[in-house]
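Here is the structure we will look at, set down as structure tokens.
The values are calculated or read from the model by the stated rules, or taken from the named source; none is laboratory data. Remember, it's a predicted structure, so these values are computed and weren't measured experimentally. Here Cβ is always computed from backbone atoms with ideal geometry, including for glycine, and neighbour counts include all displayed protein chains.
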Amino acid sequence: MNQTIAQNLRVLAIVPAYNEEITIQSVVQEIVDKVPGIVVCVVNDGSYDNTADVAKKSGAVVISHPFNMGIGAAVQTGFIYAIRNNFDVAVQVDADGQHDPSFIMKMVSDLTQMNADVVSGSRFIKKGGYKSSFLRRIGIVIFEIINRLVVGQKITDSTSGFRAFSKRAIVFLADKYPEDYPEPEVLIILKKNGYKVIEIPVEMRNRQGGQSSIKGYKSLHYMAKVILAILMQSVKREAK
């Protein structure tokens, strides 16, 4: 992102976090170091560890849910904060250290220069970096086929949680962000309502701490439920 864009836009990083005290300090600091002028909002989703305290000491704005409400509710809270504080762009970043903040400037630049509503980072456009498990990669290919059939666009990484959103998209999603499987579902919702979604290549890393709750044969259950959720979204009417 060039200096002109950086100076003219207010950018918020939304970091949904649940029991991420091991990684949250390094995640916040890396975002701030690599994206000068950005504000980091950590949405502490009912953690029972020291995630909130560590995030505050790291310089982030912290909003805490009273109990765990899920990734969808956490990101939606971040969008509401972005609206109330007049941010122009919101960037969703995972709290586990998988996302490299050095790509944020490129994402925001493409968002504005290509007049897009969402720029989604994909680990599958180019080779390199962490790709996730074999079963999950199969699922992502299936999601790609379904997305192409439902909305007519190829999305190579529909489960990516590394995305930049325009102000127009923020306002829309603050009211209509899905709760259960938000990353793949939200693309269907946005496309059905006329929003422009693009992908750019990014590299992702292994988790810096903790363990994924979706692994092994749980991936198959996850894939089945996500496919059902996508199909349900595809038959819904456009939001008003």
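Annotations for the structure displayed:
- Note on the range 140-188: residues that are in a helix (DSSP H, G or I), closer than 23 Å to Asp100 by Cα and modelled with pLDDT under 75 amount to 1.
- Restricted to strands (runs of 3 or more DSSP E) entirely inside the range 1-107, those with at least 1 residues that are closer than 24 Å to Glu199 by Cα are 11-17, 39-45, 89-92.
- The condition of being at pLDDT 95 or above and at positive phi holds for only one of Asn19, Asn50, Asn68, Asn44, that being Asn19.
- Number of the exception - Ser26 against (1) surrounded by fewer than 17 Cβ atoms within 10 Å (Cβ to Cβ); (2) within 26 Å of Ser166 (Cβ to Cβ): (2)
- Test: Val119 is buried (at least 22 other Cβ atoms within 10 Å of the Cβ), out of contact with any Leu (no Cβ under 6 Å at 6 or more places or on another chain) and touching a residue at least 12 places away in the same chain (Cβ under 8 Å): no
- The set of residues from the range 44-84 being among the β-branched types (Val, Ile, Thr) and over 19 Å from Val186 (Cα atoms) comprises Thr51, Val54, Val61, Val62, Ile63.
- Applying a threshold of 6 Å to beta carbon distances and a minimum spacing of six or more residues, or different chains, the list of pairs starting in the range 21-36 at a residue that is among the basic types (Lys, Arg) and ending at one that is buried (at least 18 other Cβ atoms within 10 Å of the Cβ) and assigned to a helix (DSSP H, G or I) reads Lys34/Pro101.
- Residue in the range 28-36 that is under 16 Å from the mean Cα position of the chain (by Cα) and not β-branched (Val, Ile, Thr) present: no
- Consider the range 112-139 and keep the residues that are more than 17 Å from the chain's Cα centre (by Cα) and of a type in the set (Lys, Arg). The one that is modelled with the lowest pLDDT is Arg136.
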